Amino acid sequence: MDRAERSTFVFSVGLLGVFFIAVVYASMGRGIEVPTCIVDREPFARDTLFERQPGLYELHMIARMWEFRPGEIRIPAGSEVDIYLTSLDVIHGFMIENETESKAHMARPLGVALAVPRYTGHNVNLMAVPGAITYARARFEQPGTYKIVCHEYCGDNHHFMNATIIVE
Amino acid sequence: MRMVLERGERRLLLIELVYPLLLLAMGVYGGLMQTLMRAGIVQRDPFLGPNYYQGLTLHGVFNAIVFTTFFAVAFGNALVPYALGKRLPMRWAWVSALLMVVGSLMAAITIFAGGASVLYTFYPPLKAHPAFYLGLVLLVVGSWVAFFNWIPLYRHWRRENPASKTPLAVVGIFATFIVWLIATAAVAVEILFLLLPWSLGWTQEVNVMLARTLFWFFGHPLVYFWLLPAYVMYYTMLPRLAGGKLYSDAAGRLVFMLFIIFSIPVGTHHQYMDPAIGSNWKLLHAFFTFAVALPSLITAFTVAASLEYAGRLRGARGLFDWLWKQPYFSREQWLFSYLMAGLIIFIFGGISGIINASYSMNVAVHNTSWIPGHFHMTVAGPVLLAFLGMSLYLIAQVAGKEVRFRGLAVAAPWTWLVGLLLFSFAMSRGGLLGMPRRTNLGVTYLNPSSPFFREEWVLWADLAVVGGVIMTLAIVLYLLTFLGTLLSRQATEPALAFPLAEAYHDEPVRALANFRPWIVAALILIAIAYTPVIWDVLRSTYENAPPYLPSSPLPVQPAGQ
């Protein structure tokens, strides 16, 4: 290795190291987590939504060809929801988006929209797999409509499969 | 050095180069139709009808699996014997070609017949016709046979040249196929033990998470199987095409060995959002994914240093002058434009890949159209352009023709670059607004008369159409020069001659002389990374799934009931 090669190598390792530390910080320091392995829950085949504590809801969500159950959820603003999700047939996808923020993006001039990406505030993104339960906790501060679109191909009518969360 | 080809070798290479291009042309057509259907401009494909997912399966299987595997085998069949100065043993080469042609035809016919609309990832419990799975197995086994056919050549060469370094091109091709062999072992297990008996009705149910995890054990190293033949060209040929030398031979060897060890223990980064796998193990796979970015950063440096060397030989001065002293649009060195356009696209492909790998940041992009936006900048960027360029280069030599319409040959990769960057930007940008991938948006979300209409995605789906049209145009330009070359009058004796570059730094490095320690390290890392993942999957899944057809929400009834 000559000097230029060596310094590039050290810089590259350092750069990737910084990226990885940032990832660990986001996950452990800021609590942005990915789904993990769940072994302590009873399997469920029916959808349920109930208030476990004041302001804390528990949602058992079912994905199946080609609908989510419940298809529409109403909760008050400021609620926190523990989402448990499974599928009764094939693999489905589940991502929550905030429609009001998406619309705000549209209202901006085209040039700004092209140049500056605007994060739409979806922070729940799960795979619904038969034979397994997955979990995420979501907080809904802003009133509005939150859209859920099935984002894994699940058969001929996949593009019809969606749900909404209405925060009042 | 020229290597005159015998008749059998010519025929073999002609088949292995022309046949996959026919499938690729169909796959490209499929891709154009998908952009149109997603945007809601077209409701049905004139050939395949209204089923978007059938066309999408065709696009993925033909372009990403069949075309790439055929090219890697054809490239190795030409380059390995050439670089070692040996003749290819023809009997097993024909067995390999036969298996691959039969396998890919089985898969293709099943897709056309509508029996395998399960996309190229074929996740159970969506079930395809058994002929689809069997066809894929034959294709993969054929590629293994091709690899096993080169190993005795290498062994002989080693015995005859105990003191020489293995040619870098051979190191690269062997690294490609070592990664491929380890990775495809997992998908072979998935198909032979889980999916094939289940789709034949011999078993009733399948563990979906296990099948999915085995798929991604294969699915990520698959992208390096695509990429490494392009890297072989970047290291061994690009410097010579630019008029210079490879900056460092040892860097090339180190990069190929690093790909052997880090390509595979990373697959769970495709499953960050999956259940049944502990998040700590996902983080470990994230770590290894950052490690596998290292050889690409080394490559970026080495390629740039080689081009700078060539630029300075042409009289470049100062810091950046060499950037402008390259044969970007040279008709003489037309192959350079394919490799260079691919490298420029790969800058963005690499950056977006690191974003995807970034663990919880994946929440924002997983399964949105950001993902196809990303991987078209890798597999449809450096990989496709290098493969197309080399296919044209080889077909001219194998058929003994001069490359015709060189202006078009040079215009094709740059046109592709414009279309692809536009397409990928549109897909990525829409993905950040939640636009999903693998979804026939035109029927619902991008149909103004649907109650589910999503106005904010319209612009990005339409822009993807513009990109898709330009990309298709680039492929038409390419096919014109390819066919023009193939059908022209024979000009020379069919013979291979690769533009292999000398190295500027050529010192031998003992640790990089042998594959064995690197393969052992790879197997150890795989055991560390995958044992806990498979254990988690097995202990936390509580039931298996019966098969479903894409057309019905009711499971397929076992025969005789």
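The values are calculated or read from the model by the stated rules, or taken from the named source; none is laboratory data. Since this is a predicted model, take the numbers as computed values, not measurements. Positions of Cβ are generated from backbone atoms using ideal geometry, with glycine treated the same way; all protein chains shown enter the neighbour counts. To get the accessible areas, we keep the full protein, side chains included, count just its heavy atoms, and leave off ligands, DNA and RNA. Shrake-Rupley method; radii C 1.70, N 1.55, O 1.52, S 1.80 Å.
Elements of the type helices (runs of 4 or more DSSP H) sitting completely within segment B:190-272 and holding at least 2 residues that are of a type in the set (Gly, Ala, Ser): these cover B:208-236, B:249-262.
Against the criterion of being in the same structural domain as B:Pro265 (by TED's automatic domain parsing), touching a strand residue (DSSP E or B) at 6+ places or on another chain (Cβ under 8 Å) and under 27 Å from B:Leu525 (Cβ atoms), B:Val208 qualifies.
Do we have B:Ala501 as in contact (Cβ under 8 Å) with a residue 40 or more places away in the chain and in contact with a Ser or Thr (Cβ under 9 Å, 6 or more places away or on another chain) here? Yes.
Checking the structure you have, find out if any residue of segment B:447-456 is outside any loop (DSSP other than H, G, I, E, B) and surrounded by fewer than 14 Cβ atoms within 10 Å (Cβ to Cβ). Quick ask: steps written out before the conclusion?
Of segment B:447-456, the ones outside any loop (DSSP other than H, G, I, E, B) are B:455-456.
From the residues that got through so far, the ones that are surrounded by fewer than 14 Cβ atoms within 10 Å (Cβ to Cβ) too are B:455.
Scanning segment B:447-456, I find at least one residue that is outside any loop (DSSP other than H, G, I, E, B) and surrounded by fewer than 14 Cβ atoms within 10 Å (Cβ to Cβ), so the answer is yes.
A residue that is away from chain B (no Cβ under 14 Å), at negative phi, surrounded by 12 or more Cβ atoms within 10 Å (Cβ to Cβ) and free of Cβ contacts under 8 Å to residues at least 24 places away in the same chain can be found somewhere in segment A:35-49. Answer yes or no as to whether B:Thr110 is part of a loop (DSSP other than H, G, I, E, B) and either surrounded by 21 or more Cβ atoms within 10 Å (Cβ to Cβ) or touching a Gly at 6+ places or on another chain (Cβ under 8 Å) (or both). Taking the combined requirement at face value, the residue does not satisfy it.
Return the residues of segment B:498-541 that are within 9 Å of chain A (Cβ to nearest Cβ) and surrounded by 15 or more Cβ atoms within 10 Å (Cβ to Cβ); say none if nothing qualifies.
B:His505, B:Asp536, B:Val537, B:Ser540, B:Thr541
Select the helices (runs of 4 or more DSSP H) contained entirely in segment B:318-414, then report the ones holding at least 1 residues which are assigned by TED's automatic domain parsing to the domain that holds B:Gly430, within 26 Å of B:Tyr478 (Cα to Cα) and of a type in the set (S, T, N, Q). Break it down into steps so the answer makes sense when it comes.
Numbers: elements: B:334-357, B:370-376, B:384-399.
Helices (runs of 4 or more DSSP H) meeting the threshold: B:334-357, B:384-399.
Among what's in segment B:431-452 and is free of Cβ contacts under 8 Å to residues at least 12 places away in the same chain and polar (S, T, N, Q), pick the residue that is nearest to B:Pro372 (Cα to Cα). Among residues in segment B:431-452 that are free of Cβ contacts under 8 Å to residues at least 12 places away in the same chain and polar (S, T, N, Q), the one nearest to B:Pro372 (Cα to Cα) is B:Thr444. The requirement of being within 14 Å of chain A (Cβ to nearest Cβ) and either crowded, with 24+ Cβ neighbours inside 10 Å or in contact with a Gly (Cβ under 9 Å, 6 or more places away or on another chain) (or both) is not satisfied by B:Leu432.
Residues considered: B:Ala128, B:Ala188, B:Ala116, B:Ala175. Of these, the only one that is touching a residue at least 40 places away in the same chain (Cβ under 8 Å) and under 24 Å from B:Phe498 (Cα atoms) is B:Ala175.
Under 28 Å from B:Val42 (Cα atoms) and open to solvent by 10 Å² or more (accessible area, probe 1.4 Å) - does that describe any residue in segment B:384-391? There is at least one residue in segment B:384-391 that is under 28 Å from B:Val42 (Cα atoms) and open to solvent by 10 Å² or more (accessible area, probe 1.4 Å). Taking the conditions exactly as written (over 30 Å from B:Leu254 (Cβ atoms), in contact (Cβ under 8 Å) with a residue 40 or more places away in the chain and open to solvent by 40 Å² or more (accessible area, probe 1.4 Å)), does A:Ala63 satisfy them or not? It is false that A:Ala63 is over 30 Å from B:Leu254 (Cβ atoms), in contact (Cβ under 8 Å) with a residue 40 or more places away in the chain and open to solvent by 40 Å² or more (accessible area, probe 1.4 Å). Annotation: B:Gly49 fulfils all but one of (1) within 14 Å of chain A (Cβ to nearest Cβ); (2) open to solvent by 10 Å² or more (accessible area, probe 1.4 Å); the unmet one is (2).
For segment A:126-168, a residue qualifies if it is closer than 27 Å to A:Val39 by Cβ and either assigned to a loop (DSSP other than H, G, I, E, B) or within 7 Å of chain B (Cβ to nearest Cβ) (or both), and the qualifying residues are A:Leu126, A:Met127, A:Val129, A:Pro130, A:Gly131, A:Ala132, A:Ile133, A:Thr134, A:Cys150, A:His151, A:Glu152, A:Cys154.
When each of B:Gly8, B:Gly49, B:Gly31 is tested for being at positive phi and not charged (D, E, K, R), the lone residue that passes is B:Gly49.
Per the listing B:Arg2, B:Arg38, the residue uniquely touching a strand residue (DSSP E or B) at 6+ places or on another chain (Cβ under 6 Å) and touching a residue at least 24 places away in the same chain (Cβ under 8 Å) is B:Arg2.
Against the condition closer than 28 Å to B:Asp536 by Cα and either assigned by TED's automatic domain parsing to the domain that holds B:Pro275 or among the small types (Gly, Ala, Ser) (or both), how does B:Ala146 come out, does it pass?
Values: closer than 28 Å to B:Asp536 by Cα: no; either assigned by TED's automatic domain parsing to the domain that holds B:Pro275 or among the small types (Gly, Ala, Ser) (or both): yes.
No: the conditions fail for B:Ala146.
Is one or more of the residues making up segment A:75-85 at the interface with another protein chain (Cβ under 9 Å from one of its Cβ atoms) and at pLDDT 95 or above? Checking segment A:75-85: at least one residue is at the interface with another protein chain (Cβ under 9 Å from one of its Cβ atoms) and at pLDDT 95 or above.
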